[in-house]
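The values are calculated or read from the model by the stated rules, or taken from the named source; none is laboratory data. Computed from a predicted model, the values in this text were never measured in an experiment. All Cβ positions, glycine included, derive from the backbone under ideal geometry; neighbour counts span all protein chains shown. These accessible areas exclude ligands, DNA and RNA; they are computed on the full protein's heavy atoms, side chains included. Shrake-Rupley method; radii C 1.70, N 1.55, O 1.52, S 1.80 Å.
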Amino acid sequence: MADYQLRGIHGQTVETLARRILAGEIPEGATLDLLALREEFDVSLTALREALKVLSAKGIIDARQKRGTFVTPRSSWNVLDGDVMRWRSSGPVDLGLLENLDEVRSIVEPASARLAAERATAEDVAALEDALGRMASASDAAGAVEADLDFHRSLLSATHNPFLAQMERVISNGLAMRDKVVHDADPADDPVPSHRAVLEAIRGKDPAGAEVAMRALVDKASEDFRRVAG
């Protein structure tokens, strides 16, 4: 299902229920009291059911005869859905989630850098250069993090593989959460040189060099996170 963009009371109902469930305030297996929720949110039962359809489409809840509407096990949730990722990353830092995302990065990004070195166009290289330039000139952590995210988005786009490009939401969420933990706790080493090494290998059409450079970058990021997280 596409990312949920609706605002207003309907959107607030979806957001509030989703955040409660993902935070564990409404646990897995719990049956939802629709009448109580309708009164709490001051919405019609029809509007509440429409909101629940959004969560159902993302695998977070289900409904059965005699049981009613209930929260499904986390194994059933669509964890790659953009909204589910956003809801999980906006709450308290989940170290287990970060470790899982870190593993995904270590598998996806080095191979993506290799493909980018083989396939990147001049426009792709320019996008990487722009992101790196903003990273180097950023005056605060927020600007540096956004430039970092843009660099990795541009890298995945440069593979010209639509499936890898769709991994952007997973990689971006993992990076945003990791950067927040690392920057808030202890400023990391200057990230520009390691990113520049990846860029130069891609610009030079050096697939093996790009993969090695990205592997080193991801490994260093993992070390920084483990150091801060203990």
Sequence order, region 136-152: Karplus ³J(HN,Hα) from phi using 6.51 cos²θ - 1.76 cosθ + 1.60, θ = phi - 60°, Hz rounded, Gly and Pro as x, gives 5, 9, 4, 9, 8, 5, 4, x, 5, 5, 5, 5, 4, 4, 5, 4, 6
With every protein chain in place, the accessible area of GLU146 for a 1.4 Å probe, in Å² rounded to the nearest 10, comes to 80
For ASP206, the residues 5 or more places away or on another chain with a placed amide H closer than 5 Å to its own amide H are none
Expected sort for 152-160, 124-132 on mean C-beta neighbours within 10 Å, highest first, is 152-160, 124-132
Residue separation between ALA136 and ASP189 times 0.36 nm, minus their alpha-carbon distance, gives in nm 17.8 nm
Among ALA127, VAL43, GLY8, the residue whose Cα sits farthest towards the positive end of the charge dipole of region 1-156 (+1 at Cβ of Lys and Arg, -1 at Cβ of Asp and Glu, taken about the Cα centre) is VAL43
In this structure, the FRET efficiency calculated for THR31 and ASN100 from their beta-carbon separation, with R0 = 30 Å, to the nearest 0.05, is 0.55
Quick calc, the chain, dipole around Cα centre from Cβ unit charges on Lys, Arg (+) and Asp, Glu (-), nearest 20 debye, gives 880
For region 47-102, the dipole about the Cα centre with charges only on Cβ (Lys and Arg +1, Asp and Glu -1), to the nearest 20 debye, works out at 460
In order over region 41-47: 3J(HN,Hα) from phi, Karplus 6.51/-1.76/1.60, θ = phi - 60°, whole Hz, x for each Gly or Pro, gives 8, 6, 10, 6, 5, 4, 5
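Given contacts defined as C-alpha pairs under 8 Å and at least six residues apart, what's the relative contact order of the chain, whole-number percent? Show your work: numbers first, answer last.
Working: 273 pairs, mean separation 46.2, N = 230.
Relative contact order of the chain: 20 percent.
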Phi angles of region 69-80, converted by Karplus (6.51 cos²θ - 1.76 cosθ + 1.60, θ = phi - 60°) into ³J(HN,Hα) in whole Hz with x for Gly and Pro, give 8, 9, 7, 7, x, 4, 5, 8, 6, 7, 5, 8
Taking placed amide H atoms and a strict 5 Å upper bound, the residues 5 or more places from ILE61 or on another chain that come that close are SER56, THR72
The percentage of the accessible area of region 102-224 (probe 1.4 Å, all protein chains present) made up of carbon and sulfur atoms, to the nearest whole number, is 56
